[in-house]
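To keep things clear, I will list the structure first and then write my remarks on it.
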Amino acid sequence: MDTIPQIISTKDFAYLSDMFEWNYNAWKQINHFMEEVEDENIKDLLESFRNMHYDHMEFIISILKQEEYEECECEECECEEDDDEEEEEDDDDDEIEDEEEEDE
């Protein structure tokens, strides 16, 4: 789905809330580990992960606020691949519905 609907269902809201919590918990853990680690290379890597989770949290908040949003542009995650998988699943669902209609 390329556009976010104007109304978010209760189920969608709950899932978005869960996704926010997952990213927030990861962000907090990474902050903790950054304080513990002394190796600068590892700190740099952790910082990139921390920024990725922070970007995801901002993206989810923008959806919940129903603001205009930009596509997630982080390089660390596979957001675009997830969208492609969802489109394929939607196409499969459409085919199943078409077959059910033909059976009736």
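The values are calculated or read from the model by the stated rules, or taken from the named source; none is laboratory data. What you are looking at is a predicted structure, and each value in this text was computed from that prediction instead of being measured. FYI the Cβ positions are ideal-geometry reconstructions off the backbone, even for glycines, and counts take in every protein chain you see. Heavy atoms of the whole protein, side chains included, go into the accessibility calculation; ligands, DNA and RNA do not. Shrake-Rupley method; radii C 1.70, N 1.55, O 1.52, S 1.80 Å.
Descriptive notes on the structure:
- Residue check, E86 modelled with pLDDT under 95 and over 25 Å from S9 (Cβ atoms): no
- Only one of I42, I30 that is open to solvent by 60 Å² or more (accessible area, probe 1.4 Å), assigned to a helix (DSSP H, G or I) and modelled with pLDDT of 90 or more: I42
- Residues of segment 45-71 satisfying the condition of being open to solvent by less than 40 Å² (accessible area, probe 1.4 Å) and within 20 Å of D2 (Cβ to Cβ): H56, I60, S62, I63
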